[in-house]
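These notes concern the structure reproduced below.
Where a number appears in this text, it was derived from the coordinates with a stated rule and is not lab data. Bear in mind that the values here come from a model prediction, so they are computed numbers and not experimental data. Here the Cβ positions follow ideal geometry from the backbone for every residue, glycine too, while neighbour counts run over all protein chains shown.
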Amino acid sequence: MEHLRLINASHHLFEEAWELYEQSFPLEERRPLHWQLDIMSHASYHFELILREDALVGILLWWSFEEVRYIEHFATVPALRGRGYGKLILEAFTSRNTRPVLLEVEPPLEEIQQRRIRFYEQSGFILNDHFYQQPPYYPGLKPLTLLLMTYPAAISAETAAHFINNRHPLIYRLPQ
């Protein structure tokens with residue numbers, strides 16, 4: 001599989017990738033298109049297409065920070081789910097670099113959320129005990145209560161607070 005980083009929307013597969021993004025995440029968990037287009041060229045941001053034989057397999061949207069790599073959005077094409085692509089993509093990502101990886105998941109209240117957590121755990125991620133507030137992407141929406149998962153080890157509440165205080169202003173366009 002090939003990872004192709006986009007820095008703008010000019011690639012012929014961007015529209016298909018954006019459709020996957022919109023289908024895979026509810027409104028409160030996704031950034032508006034105009035905002036997405038603004039951040040794609042940011043040096044720390046990676047809008048990656050995952051391709052196999054030039055066909056879209058998935059998307060991996062992540063931030064590269066000095067202390068951590070933060071996976072903001074990750075999805076595979078619905079027709080390919082359950083075939084092991086997600087696991088392969090995550091394994092390739094975690095093996096690229098030794099910096100820890102952080103991602104957010106919804107609390108395991110329903111079967112779909114429990115399955116998602118198990119999926120990440122099978123790839124070596126650890127569910128942390130800290131509850132976490134994701135700032136809203138849209139005015140008028142409330143923050144989302146999520147949990148943090150990390151690879152290869154759990155993180156402290158202090159490390160989570162450092163991420164929130166130092167990285168959220170950039171990721172979520174918060175005043176500093």
Take the Cβ-Cβ distance between Phe131 and Ile7 as r, set R0 to 30 Å, and report the resulting FRET efficiency rounded to the nearest 0.05.
0.30
Cβ-derived FRET efficiency at R0 30 Å, Asp54 paired with Lys142, nearest 0.05:
0.15
Electrostatic dipole magnitude of the range 101-176 [Cβ: Lys, Arg +1; Asp, Glu -1; Cα centre; debye, to 20]
240
Distance in nm between Asn97 and Leu80 label points, each 7 Å along Cα→Cβ, equals 2.2
Value of [θ]222 nm, deg cm²/dmol, for the chain, DSSP H segments ≥ 4, -39500 (n - 2.57) each, nearest 500
-9500 deg cm²/dmol
For the range 53-136: span of alpha carbons on each principal axis (Å, largest first):
40, 34, 27
Taking the range 56-152, which GluC sites (Glu not before Pro) meet the DSSP loop condition and have no more than 16 other C-beta atoms within 10 Å?
Glu66, Glu67, Glu110
Percent of Cα-Cα distances greater than 20 Å, calculated over the range 1-60
20
For Ile112 and Glu158, FRET efficiency with R0 = 25 Å and r from the beta-carbon atoms, rounded to 0.05?
0.20
The range 2-171: antiparallel DSSP beta bridges as a percent of all, rounded to 5
90
Among (i) 40, 36, 29; (ii) 57, 37, 34; (iii) 43, 35, 32, the entry that matches Cα extents along the principal axes in Å as calculated here
(iii)
